[in-house]
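This report refers to the structure that appears directly beneath it.
The values are calculated or read from the model by the stated rules, or taken from the named source; none is laboratory data. These numbers were taken from a predicted model, which means no experiment stands behind them. Reconstructed Cβ throughout: ideal geometry from the backbone, glycine too, with neighbour counts over all protein chains shown.
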Amino acid sequence: MNKFTRCLSMTFLGTVLAIPTIASADQWPSRAVTIVVPYPPGSSNDMLGRLLAESYSKKFNQTFLVENRPGASGSVGITEVAKAKADGYTVLVVSNSMVTNLSLPDQVRYDVFRDFEPVSLAGTLPVVMVTNPKVPGKTVQELIKAAKEKPGDYKYGSSGIGSPHQLTSELFQSLTATDFLHVPYKGQSPIITELIAGRLDIGFVTLGPVLQYLQDGTLNAMGMLGDERSSLAPNIPTLGEAGVHGLDFGWWLGVFLPKGTDPSIVDALAKETAYLTKDNKPFQEKLQNVRIAPVGSTPAEFKASLQYEIDTWKKVAKEAGIGK
């Protein structure tokens, strides 16, 4: 066999070997797909994952199963998906802790852009700054004044070092020249429990779990994150309205696939996610019922917003001395 025919044979062999890969992408999904949620059952992340699994199953005529892989502020499940095969059969539904975790480089074993394909920013979580009623001040400015008079006396809770709760609180302190004492917990639920009990003074938490306590006066609302009021609690002003600027963002929930997943699979999942969150009224209502604001984006839009957030939170963490 001469060099030319050997080359043709190798080319033919390569084409034959490639056929199953191409076919598997065209036929995706031909078996059950796992949606990894890196948080416990009952979390906002979990609720979104299960709603998507139900809708994906109908759209793609195949089973999508949610598997919870909690631990280390989501890093356990995120890292598991980073190491998964890029065949479209492992999907990650995750919160913005995926990027805030990067403030702890010695503890994180993944890179957002090296290890993942962003699919769609599915929704945002309305986040409110709350206080225990014993804390002086019914407004943000009154709280800031009281905090400046007693630096380090007021305690705030987070779901762990490097979590969105901590970094948001640290950014607030930086913007207002205040100093709170950080108390980390394992998750958001203990923060709310401790706020109600009065063992914590301040916390940034998602609106859904505390809405009833704000309505009955058990906790006080200082203001919402974001650039506009939440439709779930339109009477609560944004922190910007209250005079604290620089917190015009929200906590998000998004969909990812392992890096190297076939573009046609990424595109199919992205289009369905965007349709569900932007144009499907029944699905939007389901999200709103669990206090998730539907968004929807293209992979390119999601990727751009991720880079901005990574840069922002790394700066906040550095200035606060987190991760040193």
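Examine segment 242-255 for a residue that is in contact (Cβ under 8 Å) with a residue 24 or more places away in the chain, part of a strand (DSSP E or B) and β-branched (Val, Ile, Thr), and state whether such a residue exists. Looking through segment 242-255, at least one residue is in contact (Cβ under 8 Å) with a residue 24 or more places away in the chain, part of a strand (DSSP E or B) and β-branched (Val, Ile, Thr). Evaluate segment 228-242: report whether one residue or more is out of contact with any helix residue (DSSP H, G or I) (no Cβ under 6 Å at 6 or more places or on another chain), on the phi > 0 side of the Ramachandran plot and not aromatic (Phe, Trp, Tyr). Among the residues of segment 228-242, not one is out of contact with any helix residue (DSSP H, G or I) (no Cβ under 6 Å at 6 or more places or on another chain), on the phi > 0 side of the Ramachandran plot and not aromatic (Phe, Trp, Tyr), which makes the answer no.
Just one residue in the set Lys324, Lys318, Lys314, Lys259 is modelled with pLDDT of 95 or more and either surrounded by fewer than 20 Cβ atoms within 10 Å (Cβ to Cβ) or in the same structural domain as Thr176 (by TED's automatic domain parsing) (or both); that residue is Lys259. The condition of being under 13 Å from Gly254 (Cβ atoms), surrounded by fewer than 18 Cβ atoms within 10 Å (Cβ to Cβ) and either in the same structural domain as Pro164 (by TED's automatic domain parsing) or of a type outside the set (S, T, N, Q) (or both) does not hold for Glu285.
Residue check: Glu67 meets all listed conditions (1) over 22 Å from Ala300 (Cα atoms); (2) under 14 Å from the mean Cα position of the chain (by Cα) but one, namely (2). Being surrounded by fewer than 14 Cβ atoms within 10 Å (Cβ to Cβ) and either more than 17 Å from the chain's Cα centre (by Cα) or at pLDDT below 95 (or both): is that true of Asn235 here? Here the answer is yes, as Asn235 does meet what is asked. Quick one: is Gly203 outside the structural domain of Pro40 (by TED's automatic domain parsing), modelled with pLDDT under 95 and of a type in the set (Gly, Ala, Ser)? It is false that Gly203 is outside the structural domain of Pro40 (by TED's automatic domain parsing), modelled with pLDDT under 95 and of a type in the set (Gly, Ala, Ser). Asp227 meets each of the listed conditions (1) more than 24 Å from Lys85 (Cα to Cα); (2) at pLDDT 95 or above apart from (2).
The lone criterion from (1) surrounded by fewer than 23 Cβ atoms within 10 Å (Cβ to Cβ); (2) touching a Pro at 6+ places or on another chain (Cβ under 8 Å) left unmet by Lys186 is number (2).
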